[in-house]
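K.L.:
Here it is: the structure, laid out below.
The values are calculated or read from the model by the stated rules, or taken from the named source; none is laboratory data. What you see is a predicted model, and the numbers here were worked out from it, not measured in a lab. Heads up, the Cβs are rebuilt from the backbone with ideal geometry, glycines too, and the neighbour counts pull from every protein chain shown. We work out accessible area using only protein heavy atoms, side chains counted, and drop any ligands, DNA or RNA first. Shrake-Rupley method; radii C 1.70, N 1.55, O 1.52, S 1.80 Å.
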Amino acid sequence: ETQIPNGALLARLNEANTFTAGQAVNMVAMADGATLTPDCALGNSFRTVLGSSPRALAAPTNPRSGMVITFVFRQDGAGSRLVTWDAIYKHSGGTDPVLSTAPSAVDSFSFIYDDVSAAWLASGLNLS
């Protein structure tokens, strides 16, 4: 921590910090389109309303090793929208998940980037 003239403390990026209040990041809105490409330079949490199908989730741009990202997909009022996953996303058992298809249904997925395997790994066992 570093104290600045007004008495406030600043977190230092090169050492461990303790926070006494909750921390949050802004949700980045991904415009609905045939291909959804998250830009990790904009944030860690991405959301979109799926207005058509299928949608291809492309590999994120600007990843950093150890970065965690979260996607929130919301079906539009019609529902039944599908997402196909780029091969860089590794899911448990090697099987891509299928979104909930009810109108206005919401699904969320989180991944951590492993630069050694150049892959975004979902939480779970047998990631392939």
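K.L.:
Give me a count of the residues in segment 34-72 that are within 19 Å of residue 112 (Cβ to Cβ), among the hydrophobic types (A, V, I, L, M, F, W, C) and open to solvent by 50 Å² or more (accessible area, probe 1.4 Å).
P.N.:
Matching residues across segment 34-72 total 3.
K.L.:
Could you tell me which residue of segment 74-105 is farthest from residue 27 (Cα to Cα), considering only residues that are open to solvent by 70 Å² or more (accessible area, probe 1.4 Å) and among the hydrophobic types (A, V, I, L, M, F, W, C)?
P.N.:
So the residue we want is 87.
K.L.:
Still on this structure, please answer the following. Out of all the residues in segment 52-71, which are over 12 Å from residue 42 (Cα atoms) and of a type outside the set (A, V, I, L, M, F, W, C)?
P.N.:
Residues satisfying the conditions are 52, 53, 54, 55, 64, 65, 66, 70.
K.L.:
Hey, any hits in segment 38-58 for a residue that's over 22 Å from residue 23 (Cα atoms), at pLDDT 95 or above, part of a loop (DSSP other than H, G, I, E, B) and not hydroxyl-bearing (Ser, Thr, Tyr)?
P.N.:
The answer is yes; a qualifying residue exists.
K.L.:
Sticking with this structure for a sec: Taking only segment 28-44 into account, find how many residues are over 14 Å from residue 57 (Cα atoms) and not aliphatic (A, V, I, L, M).
P.N.:
The total comes to 2.
K.L.:
Is one or more of the residues making up segment 23-33 without any contact (Cβ under 8 Å) to a residue 12 or more places away in the chain and either open to solvent by 70 Å² or more (accessible area, probe 1.4 Å) or assigned to a strand (DSSP E or B) (or both)?
P.N.:
So far as segment 23-33 goes, yes, one or more of its residues are without any contact (Cβ under 8 Å) to a residue 12 or more places away in the chain and either open to solvent by 70 Å² or more (accessible area, probe 1.4 Å) or assigned to a strand (DSSP E or B) (or both).
K.L.:
Another one. Counting only residues that are among the β-branched types (Val, Ile, Thr) and either in contact with a strand residue (DSSP E or B) (Cβ under 7 Å, 6 or more places away or on another chain) or assigned to a strand (DSSP E or B) (or both), how many does segment 94-121 have?
P.N.:
Qualifying residue count for the region: 3.
K.L.:
Scan (1) touching a strand residue (DSSP E or B) at 6+ places or on another chain (Cβ under 9 Å); (2) farther than 19 Å from residue 41 by Cβ for the single condition residue 80 breaks and write down its number.
P.N.:
Result: residue 80 fails condition (1) only.
K.L.:
Can you name the residue in segment 106-122 that is surrounded by 12 or more Cβ atoms within 10 Å (Cβ to Cβ) and farther than 26 Å from residue 52 by Cβ and is also nearest to the chain's Cα centre (by Cα) among such residues?
P.N.:
For segment 106-122, the residue satisfying everything is 112.
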